[in-house]
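A.B. asks: Dumping the structure here so I can ask a few things about it.
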Amino acid sequence: MSSVSLGLELAKYLIFTILVLFLAVLATRLWVRRLRPVRAGAYLGLVEGLALGPKQGVYLVRAADQVLVLGVTEASITLLGTISGAAADLVAAPPDSEGQSPLSGWLERGQEWIERIRKRGGRP
């Protein structure tokens with residue numbers, strides 16, 4: 001094998017390796033872009049989501065001045081309800097510096113109230 005043919009062989013491998021790396025980087029960028037969450041706009045945004053099983057969940061979506069409660073499965077999206085007015089403002093409010101929702105205090109008090117009812121044997 002001459003030095004010229006060895007050089008051509010190395011050049012082919014180098015070009016092939018560069019091409020494979022380029023395609024891998026391109027595929028990775030497309031995959032990451034696909035998985036990136038959608039950015040919220042001025043009037044539309046995802047407030048919160050809860051997975052209920054594989055490919056099933058409940059989502060709160062802010063749409064203008066109301067919050068939509070959506071049931072999502074692999075086959076469909078169903079409007080379960082809407083929250084509007086002051087309640088929508090509370091639900092859609094961003095968490096505070098400790099990561100707590102404005103509703104977390106109300107929820108904790110509600111849980112305490114339910115526990116007291118259970119301890120009394122179901123009487124309020």
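A.B. asks: Among all residue pairs at least 6 apart or on different chains, which show Cβ distances below 6 Å where the first residue, located in the range 60-75, is free of Cβ contacts under 8 Å to residues at least 60 places away in the same chain and the second is hydrophobic (A, V, I, L, M, F, W, C) and not in a strand (DSSP E or B)?
C.D. replies: Sorted first by the residue in the range 60-75, then by its partner, the pairs are R62/A92; Q66/A88; V67/A88; V67/V91; V67/A92.
A.B. asks: Separate question: Go through the range 65-122 residue by residue and tally those that are at pLDDT below 75, closer than 20 Å to L44 by Cα and among the aliphatic types (A, V, I, L, M).
C.D. replies: Here the count works out to 4.
A.B. asks: So, in the range 50-76, how many residues would count as being over 16 Å from the mean Cα position of the chain (by Cα) and farther than 17 Å from A92 by Cβ?
C.D. replies: Selection size over the range 50-76: 2.
The values are calculated or read from the model by the stated rules, or taken from the named source; none is laboratory data. Remember, predicted model here, so these are calculated numbers, not experimental data. Methodologically, a virtual Cβ is constructed for each residue, glycine included, from the backbone with ideal geometry; neighbour enumeration extends over all protein chains shown.
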